[in-house]
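The values are calculated or read from the model by the stated rules, or taken from the named source; none is laboratory data. None of the values given here were measured: they were computed from a predicted structure. A quick note on method: Cβ atoms are made from the backbone with ideal geometry, for glycine too, and the neighbour counts reach across all protein chains shown. All accessible areas refer to the heavy atoms of the entire protein, side chains included, with ligands and DNA or RNA removed. Shrake-Rupley method; radii C 1.70, N 1.55, O 1.52, S 1.80 Å.
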Amino acid sequence: MAATGVSAVITGSTGHAPDKGTLWRPSAPCSPRTCVAATGPARAVPLAALRIAAVLFLLVLGFVVSPLGSRIPAGLVRRWCRWIVRAAGVRIRVDGGAAPDGGLLLVANHVSWLDIPLLAAVRPARMLAKSEIRHWPVAGWLTARSGALFIDRDRIRALPETVARIAGALRAGDAVTVFPEGSTWCGRAQGRFRRAAFQAALDAGIAVQPVRLRYRSTAAAFVGDDPLLASVWRVARARELVAEVDVLAPIAPDSRADRRSLTRAAEMSVLLGVQEARVPGPPRVVPLPAPAPGRAEPAEPLTA
């Protein structure tokens, strides 16, 4: 694809402005008023309320069993995360192979709060999360208890320490989930991937697992100043909302010389197909073996 085509996919061809944030604090131009469109008749209020109650029940269940920590089988965690998404009324379609075991950096585009359980359904992982998530009701507490690595985006000097913590978790055999765009986009347009987390994968000699997330409705988008509860209610009322998860080929760290090329490879893998037409079909999972991660080459000095 020509460079202009790549740019159109990443920044969007729907009139969106480019990423309006700074190098250190990305911020998408998307907002619920300009990006979220109505998609036909909504679910009845009682049914939507019942769905939210089911989601809350599953979250409370996670709260109750969270002290068991790593003793909970990964397969059960994956099913629990799928139940959360299904309880919200969202059908799930998963394509591609199974994510590798061991240390792994999962990277994906970021559209919705639904992205978090969807990625955990692919591979339970520690999440790199902005510090604001700590204050989310219920979900913030669960995120902290899950071993999330929090980043304060207002403290520039904390970035090298955060990268070192990610690399340490990867070396210890943990999977870490990162949304390199640094902010949610509506899905009709996307941001550029930031490079810092990819340095951690190189430092640890760990593979990068790209995952592409798509929704067949903008109702799932959680963007701009949209309150979390308003977004949850919109999802619960949306009919025929489908989440598509494409588990793409892992990128071995020794296949890229530095974090710039590694970031670019992951960005192209995740974002190039975002606007492809999809043929409707029933949800399905295709488990296939994935290659083992390789070893990293020396990386360049750290910058953002």
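Each residue of the stretch 235-248 was assigned a 3J(HN,Hα) from its phi angle through the Karplus curve 6.51 cos²θ - 1.76 cosθ + 1.60 (θ = phi - 60°); the sequence is 5, 5, 8, 6, 9, 6, 7, 10, 9, 10, 10, 9, 8, 8 Hz, with glycine and proline shown as x.
When the trypsin sites (Lys or Arg not before Pro) in the stretch 243-274 are filtered for DSSP coil states and for at most 10 other beta-carbon atoms within 10 Å of their beta-carbon, no site remains.
Sorting 80-88, 103-111 by average packing, meaning the other beta carbons within 10 Å per residue, from highest down gives 103-111, 80-88. Solvent-accessible area per residue in the stretch 150-196 equals 42 Å², computed with a 1.4 angstrom probe and all protein chains kept.
Applying the Kirkwood pairwise sum to the alpha-carbon positions of the stretch 84-233 produces a hydrodynamic radius of 15.9 angstrom. Taking amide H as placed 1.01 Å from N in the peptide plane, the amide H of Ala175 sits under 5 Å from that of Leu104, Arg126, each at least 5 places away or on another chain.
Summarising the amide proton neighbourhood of Phe150: residues at separation of 5 or more, or on other chains, whose placed amide H is nearer than 5 Å comprise Ala129.
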